[in-house]
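Reviewing the structure listed below.
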Amino acid sequence: MGNAAEYNIGLVIYPGMTQLDITGPQQVFSFLPNSKVYCIWKNLEPVTSSDNLTILPNTTFADSPQLDVICVPGGPGQVEMMRDAEVLKFLQHQGKAAKYITSVCTGSLILAAAGLLQGYRATSHWAFRDQLALLGVEVVNERVVIDRNRITGGGVTAGIDFGLVIAAHLCGEDTAKLIQLLLEYNPAPPFNVGSPENAGEALVQQVQKVGEQLIAASLQQTKETAKLLELV
């Protein structure tokens, strides 16, 4: 399965993340040859996601090796992470030597808050892409966006596509294809409403209404971050 290079892959987990943002890629990465996957947090205490799944870190910021791939998920906890100095410092430190700096969903807002996406093309969950643009990022409406060594995925389920893209970059397309078939990843959603373009305005507004408090809180933090980064 692919080449013999060894890779350290780090998934930054945090309270209030969306678990599928990280467990989707993790499922893909678990099949990569000669790779170690780290679930990283400040300490080794259990981390509870926004949908009440508990995930155990297996290493800490302090004990993490230099990562070849660093991946940041999104979720409601993203707002707090955008102003968490310890998290941002860890990302900045790892970002100096990581081969790939990556995110899924609103994790890209955290990367941008750490100053790691300015001047790059990137994406996020569709409801937050306008906020990403406020942080000096060239926002692209694509499922997975690759710009040099920055790779970002769209909202939640895009994490599986994203993971396969990373797998292809690290171990070759044949390995990524093998993993896709192992997972029987052959999407056939029952409804064609998985993007705002297909969903129609009425459904888009319903989703925005459901998430209005989070969207507003994220926007406020994004504006504050933009000021700190001297982007306004």
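One residue stands out among those in the stretch 140-152 that are of a type outside the set (S, T, Y) and either within 10 Å of the chain's Cα centre (by Cα) or in a loop (DSSP other than H, G, I, E, B) (or both): the one that is surrounded by the most Cβ atoms within 10 Å (Cβ to Cβ), which is I151. Residues in the stretch 57-74 that are of a type in the set (A, V, I, L, M), assigned to a loop (DSSP other than H, G, I, E, B) and more than 12 Å from W41 (Cβ to Cβ): L67 alone. Residues of the stretch 157-164 include at least one that is in contact with a strand residue (DSSP E or B) (Cβ under 8 Å, 6 or more places away or on another chain), without any contact (Cβ under 8 Å) to a residue 40 or more places away in the chain and at negative phi. When the stretch 101-148 is filtered for residues that are in contact with a Gly (Cβ under 6 Å, 6 or more places away or on another chain), without any contact (Cβ under 8 Å) to a residue 60 or more places away in the chain and farther than 22 Å from E212 by Cβ, the ones remaining, listed by number, are I101, L116, R143, V144.
Of everything in the stretch 96-139 that's surrounded by fewer than 19 Cβ atoms within 10 Å (Cβ to Cβ) and in contact with a strand residue (DSSP E or B) (Cβ under 7 Å, 6 or more places away or on another chain), which residue is farthest from R83 (Cα to Cα)? So the residue we want is K99. Among residues of the stretch 1-57 being among the small types (G, A, S) and under 21 Å from V165 (Cα atoms), the one that is modelled with the lowest pLDDT is G2. Among the residues in the stretch 22-43, are any crowded, with 23+ Cβ neighbours inside 10 Å, of a type in the set (G, A, S), outside any strand (DSSP E or B) and touching a strand residue (DSSP E or B) at 6+ places or on another chain (Cβ under 8 Å)? So far as the stretch 22-43 goes, yes, one or more of its residues are crowded, with 23+ Cβ neighbours inside 10 Å, of a type in the set (G, A, S), outside any strand (DSSP E or B) and touching a strand residue (DSSP E or B) at 6+ places or on another chain (Cβ under 8 Å). The residues on offer are A176, A127, and the sole one that is within 24 Å of Q19 (Cβ to Cβ), in a helix (DSSP H, G or I) and within 16 Å of the chain's Cα centre (by Cα) is A127. Can N34 be described as more than 16 Å from G77 (Cα to Cα), over 18 Å from the mean Cα position of the chain (by Cα) and free of Cβ contacts under 8 Å to residues at least 40 places away in the same chain? It is true that N34 is more than 16 Å from G77 (Cα to Cα), over 18 Å from the mean Cα position of the chain (by Cα) and free of Cβ contacts under 8 Å to residues at least 40 places away in the same chain. Of all residues in the stretch 55-95, those being surrounded by 15 or more Cβ atoms within 10 Å (Cβ to Cβ), over 25 Å from A5 (Cα atoms) and touching a Lys or Arg at 6+ places or on another chain (Cβ under 7 Å) number 0.
Just one of (1) more than 30 Å from L219 (Cβ to Cβ); (2) assigned to a loop (DSSP other than H, G, I, E, B); (3) in contact (Cβ under 8 Å) with a residue 24 or more places away in the chain fails for M17. It is (1). Of all the numbered requirements in (1) within 15 Å of the chain's Cα centre (by Cα); (2) among the hydrophobic types (A, V, I, L, M, F, W, C); (3) outside any helix (DSSP H, G or I), A112 misses one, and that requirement is (3). G155 - would you say it is buried (at least 19 other Cβ atoms within 10 Å of the Cβ), at pLDDT 95 or above, under 17 Å from the mean Cα position of the chain (by Cα) and not in a helix (DSSP H, G or I)? Yes: the conditions hold for G155. Applying a threshold of 7 Å to beta carbon distances and a minimum spacing of six or more residues, or different chains, the list of pairs starting in the stretch 38-57 at a residue that is more than 16 Å from D84 (Cβ to Cβ) and ending at one that is β-branched (V, I, T) and surrounded by fewer than 13 Cβ atoms within 10 Å (Cβ to Cβ) reads P46/T54; T48/T54.
The values are calculated or read from the model by the stated rules, or taken from the named source; none is laboratory data. Everything numeric in this text was worked out from a predicted model, so none of it was measured. Don't worry about glycine lacking a Cβ; one is built from the backbone with ideal geometry, like all the others, and counts go over all protein chains shown.
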